[in-house]
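Before any comments, here is the structure.
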């Protein structure tokens, strides 16, 4: 290598002839189990994301404590929580009938040779139609609740 080559190599961040690569010290330190510049404090602060730092309660502990004290669950007020798509389609077909369901949500699986199986196959592949079914199911639940009060 000539002097010009050494200068160009240094400018590009490449090691000059006879020098170790830039990251060799870092790789060696990582192989030994840590960086020489990092302290034990830094090591705990750089813990994997999602893991609590030293001295903090585990994630979700606040939720567990609230549940033990009688607190509310985040899904407690969600009427769709735990309801399968099959249960929704069956309840809607029982309540409105296939013809009524096809009028409210105009898709082939409700209008042409309707069945729970064909409806489930279509709804699992079609997010916009599934949202309409979930919305109609919630509307049906509200109607039933109002009819029960009055």
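Only the coordinates and a few stated rules stand behind these numbers; no lab work does. The structure presented is a predicted model; accordingly, all values stated were derived computationally and were not measured. Cβ sites come from the backbone with ideal geometry, for glycine too, and all protein chains shown count toward neighbours.
Structure notes:
- Counting every other Cβ atom within 10 Å of each residue's Cβ, 112, 83, 133, 107 order from fewest to most as 112, 83, 107, 133.
- When 85, 80 are sorted by how many other C-beta atoms sit within 10 angstrom of their C-beta, beginning with the fewest, the order is 80, 85.
- The simple Förster model, with R0 at 41 Å and r as the Cβ-Cβ distance, assigns residue 75 and residue 108 a FRET efficiency of 0.80.
- Residue exposure sequence - 88, 140 - by fewest surrounding Cβ within 10 Å: 140, 88
- Global geometry of segment 94-139, whether rounded, prolate or oblate, following the gyration tensor of its Cα atoms and the 1.5 cut on a/c: oblate
- Length-normalised contact order for segment 85-149 - Cα pairs under 8 Å, 6+ apart - percent: 34
- Spacing of the modelled spin labels on residue 115 and residue 131, each 7 Å from Cα toward Cβ, amounts to 3.0 nm.
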